[in-house]
Amino acid sequence: MADVSVVMPAYNEAERIVTAMQRVLEQDFVHELVVVDDGSQDGTADLAESIDDERVILIRQPVNRGKGAALRTGFSSTQAPFVAVHDADLEYEPADIARLLPPLRDGRADVVYGSRFIGNDERRVLYYWHSVGNRVLTTLSNMATNINLTDMETCTKVFKREVIQSLDLREDRFGFEPEVTAKVAAGGYRIYEVGVSYSGRTYAEGKKTGFRDALRAIYVIGRHSCGKSSLRLGQK
């Protein structure tokens, strides 16, 4: 059933963009693939444009604004009932998105997160302190939102389209993750988690998140914790 719009933000991913797009387009749930090139300077957008598939929508942002800004642009263009986030870096497996769909399709969930920390799926062993940081940020987010996620920072998320398009998202970079979590929690939406695999990459391989992004995430969590009333954007 092709009922998912996949939004793929991409910045300087020339080495991976074609493979990432092909692997997404192989999935039978894909209604459309919205690729948002975030001001890449290595030919990423031209390579994305070379994929001959009517389901591909390429949006070029003239300057680099960050993942959150790219996702906002992509979300506004989606048409399918469900909207998935999938990065171009291949740290996550596109086929795993299918695991997140049953709670949405049968009406139990409004949002489903793909957790790297539950289930028995394989994951690449990398940075200890990075994993500690992820768990700390998830704990702080849970304290602020009073939900019990295991992996707030995960990339793989699927939303009902009307949910993600209704949220007033403003974070331009990786603050998107705590911001969208705070706003779906404040909106009273039903959130599920499903285990997914993870093949992280090193900084030498192009990983882009770092210490400053963690500090920004803490700031975003604190800001929304102090202003919960402003997040209630209308109940379903």
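Every number here is computed from the coordinates shown, using simple stated rules; none is lab data. Quantities reported herein were computed from a predicted structural model and do not represent experimental measurements. So basically every Cβ, Gly included, is an ideal-geometry build from the backbone, and we count neighbours across all protein chains shown.
Roughly how many nanometres apart are two label points built 7 Å out from the Cα toward the Cβ at residue 162 and residue 76?
2.2 nm
Once amide H atoms are placed 1.01 Å from N in the peptide plane, what residues at a sequence separation of 5 or more from residue 116, or on another chain, have their amide H within under 5 Å of its amide H?
196
What Kirkwood Rh does region 32-177 have if only Cα atoms enter the pairwise 1/r average? Answer in Å.
Across region 32-177, the inverse of the average 1/r is 16.7 Å.
Please turn the phi angles of region 70-78 into ³J(HN,Hα) values with the Karplus equation 6.51 cos²θ - 1.76 cosθ + 1.60 (θ = phi - 60°), one per residue in order, whole Hz, x for glycine and proline.
Whole-Hz 3J(HN,Hα) from phi for region 70-78: 5, 5, 4, 4, x, 4, 5, 9, 7.
Rank these for me by crowding, 46, 87, 38, going from fewest to most other beta carbons within 10 Å.
Ordered by Cβ neighbours within 10 Å, fewest first: 46, 87, 38.
Could you put 194, 85, 56, 136 in order, starting from the residue whose Cβ has the fewest other Cβ atoms within 10 Å?
136, 56, 194, 85
I'd like the distance between the alpha-carbon centres of region 168-189 and region 1-67, rounded to an integer number of Å.
23 Å
What residue among 155, 222, 187 has its Cα farthest toward the positive end of the dipole of region 4-231, where the charges are +1 on Lys, Arg and -1 on Asp, Glu, each on the Cβ?
My answer, from the dipole projection, is 222.
As a footprinting exposure proxy, order 198, 113 by other Cβ within 10 Å, with the fewest listed first. Each step should come with its number before you reach the end.
Details: 198 22, 113 25.
Fewest to most other Cβ atoms nearby, the residues stand as 198, 113.
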